[in-house]
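Novice: Below is a structure I'd like to ask you about.
The values are calculated or read from the model by the stated rules, or taken from the named source; none is laboratory data. Computed from a predicted model, the values in this text were never measured in an experiment. Positions of Cβ are generated from backbone atoms using ideal geometry, with glycine treated the same way; all protein chains shown enter the neighbour counts. Each accessible area value is taken on the protein alone, full model and side chains, heavy atoms only, with ligands, DNA and RNA left out. Shrake-Rupley method; radii C 1.70, N 1.55, O 1.52, S 1.80 Å.
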Amino acid sequence: MKSKENLVTQLIAHLVCGLFALMALLPFVLLIVASFTDNTWATANGFSFFPKKWSLDAYHYIAVQWNTIGRAYVMTIMVTAVGTAASILVTTLFAYAICQTEVPGMKILSFMLIFTMLFNGGLVATYYTYVNYFHIRNTVWALILPGLMMNAFNVILVRNYFLNSIPISLIEAAKLDGAGEFGIFCKIVMPLSLPIVATIGLMTGLMYWNDWQNGMYYLTERGGGHLYTIQIILNNINENIQALLQNSSAVGGMNIKMPSTTVRMAIATVGILPILIIYPFFQKYFVKGITLGGVKE
């Protein structure tokens, strides 16, 4: 009797999970289908899973405008790679430091970390500080430093993982053998922390890849337009469809008409491809890292 009840329960659970998975997948399918839809038909009838007219005009436009879009794509990859690596380094070092409760001042640092989750100076004060004291306006650091390179929530996740998953006896044995703190961190702590490092790396990478606000705040079209990422360009298109037409009236001796409706979908599709490719490789670490990192000591 219990086996039948368990079978029914598992069947219902699988159906519910499958339904939610389908609900999450359908928007991506619609996005991809819309990018291959004829622009005139989409403008008149809206987007559909089964459009009556198909077209590659949006991708043709991306190919023609690859000098602009390709540069933004490369910039997005570079900013995401550098920013994620820097974030992992700063986050893990900070988390390891505040784990050393016997060191004077670490409790104060922990309090300051949590304080930033509750209060901040606001956008105006943040902008003024970064522009006037750090001078990041119209530089690549404007896409890396503000608000993304270190996240208090990620630090707490890593700290909890270190406290609950790294045996203290292993660290004490390393100290008895003469290992220093930096050696323990690099040779013991980090190799044993792959799940949480992959987890925060994935979350941080997604934030960098999808970020457009820093570009809107700190980059100007005249001084920092060459630093635009794919998300900034996509945001500009959504706000002003003429954003990519400045130099596209005549390309290669022929007039190029921008498919204003479907090009948004095509750029968004191109923009999410790396994330869709990378995510399956990190998924096996994601749940484990979140679970162990979220456990309070």
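Novice: Ile233 versus (1) at pLDDT 80 or above; (2) more than 30 Å from Ser48 (Cβ to Cβ): which is the lone unmet condition?
Specialist: (2)
Novice: So, one more: Could you check, for the stretch 135-147, whether at least one of its residues is of a type in the set (S, T, N, Q) and more than 22 Å from the chain's Cα centre (by Cα)?
Specialist: Taking every residue of the stretch 135-147 in turn, none turns out to be of a type in the set (S, T, N, Q) and more than 22 Å from the chain's Cα centre (by Cα).
Novice: Pick from Tyr96, Tyr59: which is more than 19 Å from the chain's Cα centre (by Cα), modelled with pLDDT of 85 or more and under 23 Å from Ile275 (Cα atoms)?
Specialist: Every option except Tyr59 fails the conditions.
Novice: Now for a different question. Among the residues of the stretch 176-193, which ones are loosely packed, with under 13 Cβ neighbours inside 10 Å and assigned to a helix (DSSP H, G or I)?
Specialist: Within the stretch 176-193, Leu176, Phe182, Cys186, Lys187, Pro191 qualify.
Novice: Being more than 18 Å from the chain's Cα centre (by Cα) and open to solvent by less than 80 Å² (accessible area, probe 1.4 Å) is the filter here, so list the residues in the stretch 218-231 that pass it.
Specialist: Within the stretch 218-231, Tyr218, Leu219, Thr220, Gly223, Gly224, Gly225 meet the criteria.
Novice: Does the stretch 238-247 contain at least one residue that is within 30 Å of Thr92 (Cα to Cα) and either at pLDDT 80 or above or surrounded by 13 or more Cβ atoms within 10 Å (Cβ to Cβ) (or both)?
Specialist: Scanning the stretch 238-247, I find no residue that is within 30 Å of Thr92 (Cα to Cα) and either at pLDDT 80 or above or surrounded by 13 or more Cβ atoms within 10 Å (Cβ to Cβ) (or both), so the answer is no.
Novice: Output the qualifying pairs, or none if there are none: Cβ atoms under 7 angstrom, residues six or more apart or on different chains, first residue in the stretch 199-210 and within 14 Å of Phe281 (Cα to Cα) and in a helix (DSSP H, G or I), second residue aromatic (Phe, Trp, Tyr) and open to solvent by 40 Å² or more (accessible area, probe 1.4 Å).
Specialist: Thr199/Tyr285; Thr199/Phe286; Leu202/Phe282; Leu202/Phe286
Novice: Scan the stretch 128-162 for residues that are open to solvent by 60 Å² or more (accessible area, probe 1.4 Å) and in a helix (DSSP H, G or I) and jot them down.
Specialist: Once the filter is applied, which keeps residues that are open to solvent by 60 Å² or more (accessible area, probe 1.4 Å) and in a helix (DSSP H, G or I), the stretch 128-162 yields Tyr128, Asn132, Trp141, Phe153.
Novice: Next up: So, of the residues in the stretch 27-47 that are assigned to a loop (DSSP other than H, G, I, E, B) and open to solvent by 30 Å² or more (accessible area, probe 1.4 Å), which turns out to be modelled with the highest pLDDT?
Specialist: Going through the qualifying residues, I end up with Phe36.
Novice: Just a yes or no: is a residue in the stretch 3-17 under 22 Å from Asn235 (Cα atoms) and part of a helix (DSSP H, G or I)?
Specialist: No: the stretch 3-17 contains no residue that is under 22 Å from Asn235 (Cα atoms) and part of a helix (DSSP H, G or I).
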